[in-house]
1. Can you go through K66, K77, K164 and tell me which one is basic (K, R) and outside the structural domain of Y56 (by TED's automatic domain parsing)?
2. If you go through the range 62-85, how many residues are part of a loop (DSSP other than H, G, I, E, B) and of a type in the set (S, T, N, Q)?
3. Can you confirm whether the range 140-156 contains a residue that is of a type in the set (D, E, K, R), at pLDDT 95 or above, part of a helix (DSSP H, G or I) and not assigned by TED's automatic domain parsing to the domain that holds G65?
4. Tell me, please, whether a residue that is on the phi > 0 side of the Ramachandran plot, aromatic (F, W, Y) and touching a residue at least 24 places away in the same chain (Cβ under 8 Å) can be found in the range 112-132.
5. Pick out the one residue from A83, A29 that is modelled with pLDDT under 90 and in contact with a Leu (Cβ under 8 Å, 6 or more places away or on another chain).
6. Looking at G103, G95, which is the one that is in a helix (DSSP H, G or I) and outside the structural domain of N34 (by TED's automatic domain parsing)?
7. Name the single residue, out of those in the range 70-110 being within 11 Å of the chain's Cα centre (by Cα) and among the hydroxyl-bearing types (S, T, Y), that is farthest from E155 (Cα to Cα).
8. Look at A90 and say whether it is of a type outside the set (F, W, Y) and free of Cβ contacts under 8 Å to residues at least 60 places away in the same chain.
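The values are calculated or read from the model by the stated rules, or taken from the named source; none is laboratory data. These numbers come from a predicted model, not from an experiment. Positions of Cβ are backbone-derived with ideal geometry, glycine not excepted, and every protein chain shown enters the neighbour counts.
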Amino acid sequence: MWLVIFAVILVVSGATVEAADIPQYIHDAYEACNDRTGEVQRCRSLAEQGNPAASYDLAEMYDKGKGFPQDHQEALKWFRLAAQNGAPSAQFNLGTMYLNGVGVPQNLVLAHMWFNIAVTSAERYDFVPGAVQAKELRDFVGARITATQLQKAQETARRCYETKFKECG
């Protein structure tokens, strides 16, 4: 999944996609997590070592029930690890899980916080489509919470980002 997202970013930006352009950690995750034999131990091992692409791919497998029975709690665990390692797509998915109450109790403050973090991360990586979608949902949630809740979401997002995802509410 990350390999595809990275390639799309390069193509949209007008860059030529060469194997050398793809970061090794994304290539490793793609190789391990998309093994046609269904062996996911290497994917899990890379995820446990902090590879954000592998963490994201493993979370997607659990979230969608591919290779495992669907398990939103496990998906949440791996999305969090990928999010902590800077993956905007994982941060976006955490926002979605909190917005919809999937795998967690619905929490609009945390949904707003994760969408806000996803916007910052996507903009940092110049991933315009991801930033636009995260902004839309952040604003959607922001219109449905009180001013006090909005302030708490913004403060929590700032603290989460400043502490390198150690204090995320």
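1. The match here is K164.
2. Initial filter on the range 62-85 (part of a loop (DSSP other than H, G, I, E, B)): 65-71, 85.
This time we only want the ones that are of a type in the set (S, T, N, Q), so: 70, 85.
Count: 2.
3. Taking the range 140-156 first, the residues of a type in the set (D, E, K, R) are 144, 152, 155.
Among the residues that remain, those that are also at pLDDT 95 or above are: 144, 152, 155.
Next, from what is left, pick out any that are part of a helix (DSSP H, G or I): 152, 155.
From what is left, the residues that are not assigned by TED's automatic domain parsing to the domain that holds G65 are 152, 155.
So far as the range 140-156 goes, yes, one or more of its residues are of a type in the set (D, E, K, R), at pLDDT 95 or above, part of a helix (DSSP H, G or I) and not assigned by TED's automatic domain parsing to the domain that holds G65.
4. The answer is no; no qualifying residue exists.
5. A29
6. That would be G95, the only listed residue that is in a helix (DSSP H, G or I) and outside the structural domain of N34 (by TED's automatic domain parsing).
7. Applying the filter and picking the extreme gives S89.
8. yes
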